[in-house]
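S.K.: First the structure, which I've put down as structure tokens, then a few questions once you've had a look.
Nothing in this text is a laboratory measurement; each read-out follows from the coordinates by a stated rule. Computed from a prediction, not measured in an experiment: that's the story for all the values here. Here the Cβ is made from the backbone with ideal geometry for all residues, glycine too, and neighbour counts use every protein chain on show.
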Amino acid sequence: MKIGVIGTGYVGLTTGICLAELGNKVCCVDKKKRKIEDLKKGKIPIYEPGLKELLDKNKSRVSFTTDTKKCVESAEVIYIAVGTPAKPTGEADITQIEEVSRDIAGVLNDYKVIVEKSTVPVKTGEWVKRTIKLNVPQEVDFDVVSNPEFLREGSAIDDFLHPDRILLGVESKRAKNIMMELYKPLNAPFVITDIKSAEIIKHAANSFLALKISYINAIANICELVNADVISVAEGMGYDKRIGRQFLDAGIGYGGSCFPKDVSAFIKITEEFGYDFELLKIVEKINREQRKNFIRKIKKSLWILKNKTICVLGLSFKPNTDDIREAPSIDIIEALLKEGAHIKAYDPAAVARTREIFKEIDYKDNPYDAASESDALLILTEWDEFKNLDLKKIKEVMHQPIIVDGRNIFDPKKMAEMGFTYASIGR
Ligand code: UGA
């Protein structure tokens, strides 16, 4: 099939390249000229394992352009995958969705399926349809489909190619058949709903996962009060198939470009329709508090932070990405700098992006140089590289052997045996 993808962010780019892998001819469009120039040269603007290799493999089937018209005219299915960032008030800013809908309408020449791939508030599909109808120069048939994406950064390709389900919010049989044909090679179960339900499913799923994380973080705080172990508690809960072990890792809270934005957007959109989603407000509160708790933990270990050298290992919001959007590291580093601490930091992928925010940090090329002469070491992201650290060497190079682990990657007993003062979450 001929596919157009508008927007080359995480979702758009992965979708485009993976659809090419399935044998389709894909045209990806973005307004950012430099990005498109880079993509034409095979340069991927994000850190996503395997994406460059997959693009190289499928380069005969993927093209990049800044020309929406060119892309839309030839495509049978057009994906809208532009950003829906949070406004300062928390609601989703869907300006780009509206703009793209008008752009599509202006060049709509034939029946096409317009797919809402970006995460959007419920009823956006209705607006997209209305906007296109109002702006088409001549009468032309089209369908809007909601097809939310459930891929995670860091494992985007695998998530796209091996999804738990494919969600299609549709209004017509014609659009449903085209979309089912397109995704047939993935051999995954289809969930077919109306458009609004599909939009809600995406917000509800991300919010539920965020809720799971805040729930286990609340349990971690209780564990700390009574000297219990949150990892054992999560394991004991997780064996119950109705609960499941995934997303029960206590830590310094969720970050990234999805959960924080989607939870607040869901609260806002439901408020607009007259529902006060108090439950999700508490989810957000626990998430914010978890970062503050971590700062308290550091203070408990170090007492005064002023003029102390603190080593930060991990800057990205989770492993296998260079993304630092809403990363707990940002709030934590900001608080430490405010208290007058000196920071040395290392991350396998996210240093360049963090440098744009914090110029005053001493960035190092490896964890040992970052730990050298430091008064405490913080684990903020659970990269595999940190799980395999030579802790003997770390202890030797540190000024004092204090580790505050925000991701529970080490065994407290072993750390104590090695002579570390070790604090973690909920243990
Ligand atoms: C999330 C969802 O998992 C995807 O299904 C969805 O498609 C995506 O948002 C999206 O809406 O685009 P992502 O943000 O890439 O994916 O990352 P996750 O792996 O879900 O992690 C989110 C945050 O939760 C990270 O900060 C992670 O450290 C934290 N987390 C996750 C925990 O603190 N504990 C856990 O047990 C799991």
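S.K.: Taking just the alpha carbons, could you work out the radius of gyration and Dmax for region 186-250, both in angstroms?
M.R.: Spelled out, the Cα radius of gyration and Dmax of region 186-250 are 15.7, 48 Å.
S.K.: Turning to a different aspect of this structure: How big is the charge dipole of region 236-394 about its Cα centre, in debye rounded to the nearest 20, if each Lys and Arg gets +1 on its Cβ and each Asp and Glu gets -1 on its Cβ?
M.R.: Value, rounded to 20: 520 debye.
S.K.: To the nearest µm²/s, what D does Stokes-Einstein give for region 90-221 at 10 °C and 1.306 mPa s, using the Kirkwood radius over alpha carbon pairs as Rh?
M.R.: Reported coefficient: 98 µm²/s.
S.K.: Name the chymotrypsin sites (Phe, Trp or Tyr not before Pro) in region 148-195 that are in a loop by DSSP and that have at most 11 other C-beta atoms within 10 Å, would you?
M.R.: none
S.K.: Which whole-percent values make up P(r) of region 384-427 when all C-alpha to C-alpha distances are grouped in 10 Å steps starting at zero?
M.R.: 27, 63, 10
S.K.: By the scheme Lys and Arg +1, Asp and Glu -1, what is the net charge of all other residues having a beta-carbon under 13 Å from that of Thr8?
M.R.: It works out to a net charge of +4.
S.K.: For region 258-348, take every pair of Cα atoms, bin their distances at 10 Å starting from 0, and report each bin as a whole percent.
M.R.: Pair shares across the bins are 15, 37, 28, 15, 5, 0.
S.K.: Under a plain spin-label model, where a point goes 7 Å from the Cα along Cα-to-Cβ, how far apart in nm are Lys87 and Ser155?
M.R.: Computed distance between label sites Lys87 and Ser155 equals 3.5 nm.
S.K.: Another one. Run through region 306-355 and list the trypsin sites (Lys or Arg not before Pro) located in a DSSP loop whose Cβ has at most 11 other Cβ atoms within 10 Å.
M.R.: Here the sparse-neighbourhood loop sites are Lys306.
S.K.: Continuing with the same structure: Keeping to pairs on different chains or 8 or more places apart, tell me how many lysine pairs in region 189-298 have Cα atoms under 21 Å apart.
M.R.: Summing the qualifying lysine pairs gives 19.
S.K.: Of the candidates Lys25, Lys123, Lys112, which one comes out as most mobile in a Gaussian network treatment of the chain with C-alpha springs shorter than 10 Å?
M.R.: Lys123
S.K.: Still on this structure, I have one more. Under 4.7 Å Cβ to Cβ, no partner at all: give me those cysteines from the chain, in residue order.
M.R.: Lacking a cysteine Cβ partner under 4.7 Å: Cys18, Cys28, Cys223, Cys258, Cys311.
S.K.: Tell me whether region 331-427 comes out rounded, prolate or oblate; compute the Cα gyration tensor, take square roots of the eigenvalues as a ≥ b ≥ c, and use a/c under 1.5 as the rounded threshold.
M.R.: In terms of gyration-tensor shape, prolate.
S.K.: Of Ile269, Val26, Tyr111, whose Cα points farthest to the positive end of the dipole of the chain (charges on the beta-carbon: +1 Lys, Arg; -1 Asp, Glu; origin at the Cα centre)?
M.R.: Going by the Cα projections, it comes out as Val26.
S.K.: On to the next question. What fraction of the Cα pairs in region 1-156, stated in percent, has a spacing above 19 angstrom?
M.R.: Across region 1-156, Cα pairs with separations above 19 Å total 51 percent.
S.K.: Would you mind computing the Rg to Rh ratio of region 317-366 from its alpha-carbon coordinates, Kirkwood style for Rh?
M.R.: Rg/Rh: 0.93.
S.K.: Between Met237 and Asp362, what FRET efficiency comes out of the Förster formula 1/(1 + (r/R0)^6) with R0 = 41 Å and r the beta carbon distance, rounded to 0.05?
M.R.: Once rounded, the FRET efficiency stands at 0.50.
S.K.: Can you give the FRET efficiency for Lys299 and Asn227, using 1/(1 + (r/R0)^6), R0 = 30 Å, r = Cβ-Cβ distance, to the nearest 0.05?
M.R.: The calculated FRET efficiency here is 0.90.
S.K.: What ratio of Cα Rg to 2.2 N^0.38 Å holds for the chain?
M.R.: Normalised by 2.2 N^0.38 Å, the Cα Rg of the chain equals 1.06.
S.K.: A follow-up question, please. Quick one: net charge of Lys87's neighbours, Cβ under 11 Å, K/R +1, D/E -1?
M.R.: 0
S.K.: Expressed in nm², what is the orientationally averaged projection area of the convex hull enclosing the Cα positions of region 261-304?
M.R.: Mean projected area for region 261-304: 3.6 nm², to one decimal.
S.K.: Next question. For region 110-175, what does the alpha-carbon gyration tensor say about shape, rounded, prolate or oblate, given a ≥ b ≥ c as the root eigenvalues, a/c under 1.5 as rounded, and a/b over b/c as prolate?
M.R.: Judged from the Cα gyration tensor, region 110-175 comes out prolate (a/c at least 1.5, a/b above b/c).
S.K.: Taking the Cα centre of each part, how many Å lie between region 364-427 and region 94-157?
M.R.: Here the answer is 47 Å between Cα centres.
S.K.: Still on this structure, please answer the following. Once the dipole of the chain is set up with Lys and Arg at +1 and Asp and Glu at -1 on Cβ about the Cα centre, which of Ile425, Ser172, Gly50 lies farthest towards its positive end?
M.R.: Of the listed residues, the answer is Gly50.
S.K.: Under 1.5 on a/c is rounded, so check that first for region 34-94, then, if it is not, pick prolate when a/b is larger than b/c and oblate when it is not; a ≥ b ≥ c are the square roots of the alpha carbon gyration tensor eigenvalues.
M.R.: It comes out oblate by the Cα gyration axes.
S.K.: Identify the GluC sites (Glu not before Pro) of region 104-153 meeting these criteria: DSSP loop state and at most 14 other C-beta atoms within 10 Å of the C-beta.
M.R.: Glu139
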